[in-house]
Amino acid sequence: MGNSPEKQNNTGSSRSDFLKVAAATAGAVGLTQFFSLQTLAGKDLSGGEPSEGPQWGMLVDINLCIGCNYCTYACQAVNNLAEDMRYNVVTVETTTNDEEYFLSRPCMHCEEAPCVHVCPVGATYHRPDGIVTMDYDLCIGCRYCQVACPYDARVFNWETPVEDSPRSPSFGVQEVPNRPRGVMEKCTFCQHRIDASVERGLVPGVDEAATPACVVACPTGARVFGDLTDAHSPISKAKHEAIVTLRLREELSTAPRVYYIPPKSALTEES
């Protein structure tokens, strides 16, 4: 197993988010079904209308995550990141009964993304498929997006890009061009794999070559990816089968596209 993640309890996107919503939903069958099935009806929790084409999302099962950091390492290898640059962060959190669990946190790809709203030059924007991405040629390095993001999902490139990530080739090889020094960087759901999937006849979330590297690298299947508008996609099936799925800091109305199956103890300790 990889290096142990650091214990962090000082972010707003940690255990309190799970426990607060879990306590409110435990035993509430109707609300549980709402969380699990709303997206399958073609409309997400924020109340937005269905969009044409796929809308990509990810689900992380906290109960399956073992904290190995393979998701982080695969991301670093594919994006050619230095050791201190992590698009995906794994922390150790604790439920109210002192049971520890691992919280893996990539970019949430919010529908109402604060980072998009504050960018003064339009370098951060939404793609039609819901992915929050960047135009690095436009980025001026003001870091407004980093301050605005409530999930701490942004990384500033302080140094000249490394020649080879220390995680390569053990966890993959570089698949995207290096970004210049002085710009903000972030998870893109490996959009380059998704974009190449159509001409290659591959399905993101099903075929590994078209699926985010973090999902492919997970040894326990804790991560699931797919089209939120397709009831037969892996993520829709996983959400349908889950007792309840939650999103971090939903009270902010950011409408994240990353869902979580919370620790089982968090659903039962308050019931």
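What follows draws every value from the coordinates through simple rules; no lab data is involved. Given the structure is predicted, the values throughout are model-derived calculations rather than measurements. Cβ placement follows ideal geometry from the backbone for every residue including glycine, while neighbour counts extend to all protein chains displayed.
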Could you compute the FRET efficiency for residue 63 and residue 206, with r as their C-beta to C-beta distance and R0 at 22 Å, rounded to 0.05?
0.45
Measuring from a point 7 Å past the Cα of residue 264 along Cα-to-C-beta, which residues in segment 208-234 have an amide N at less than 20 Å?
219-224
Extension gain from residue 162 to residue 98, taking 0.36 nm per residue of separation minus the Cα-Cα distance
19.1 nm
Cut-off under 5 Å, modelled amide H: who pairs with residue 229 long-range:
55
Rg to Rh ratio, segment 122-262, alpha-carbon atoms and Kirkwood radius?
0.96
Using a Förster radius of 22 Å, what is the FRET efficiency between residue 143 and residue 173 based on their Cβ-Cβ separation? Nearest 0.05, please.
0.15
Please work out the Cα center distance from segment 210-271 to segment 90-150, rounded to the nearest Å.
17
Could you pull out every one of the aspartates and glutamates with an alpha carbon less than 12 Å from that of residue 264, ignoring same-chain neighbours closer than 8 positions?
61, 99, 100
